[in-house]
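Working notes, beginning with the structure itself.
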């Protein structure tokens, strides 16, 4: 029973992550803390870099590992 519930929760999480990436919802994560005296800080560039790094992390590590866990639970 726990295996089935875990598989359902992982599948739901995977679905939510795909939806988050599709809807450009990576802005739901907290922005970085930047000192107020940093004159070279550009908000648009920082947002773009944060978004791309988060997408890369989700696509290259989080999503494949969730898929791997789901396939292991299916056995």
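The values are calculated or read from the model by the stated rules, or taken from the named source; none is laboratory data. In this text, all values refer to a predicted model and were calculated from it rather than measured experimentally. Here Cβ is always computed from backbone atoms with ideal geometry, including for glycine, and neighbour counts include all displayed protein chains.
Some observations on this one:
- Qualifying position, being free of Cβ contacts under 8 Å to residues at least 40 places away in the same chain and in a loop (DSSP other than H, G, I, E, B), among 71, 36, 60: 36
- Selection of the range 5-30 for residues being in contact with a helix residue (DSSP H, G or I) (Cβ under 9 Å, 6 or more places away or on another chain) and at pLDDT below 90 yields 17, 18, 19, 20, 21, 24, 25, 26, 27, 28, 29.
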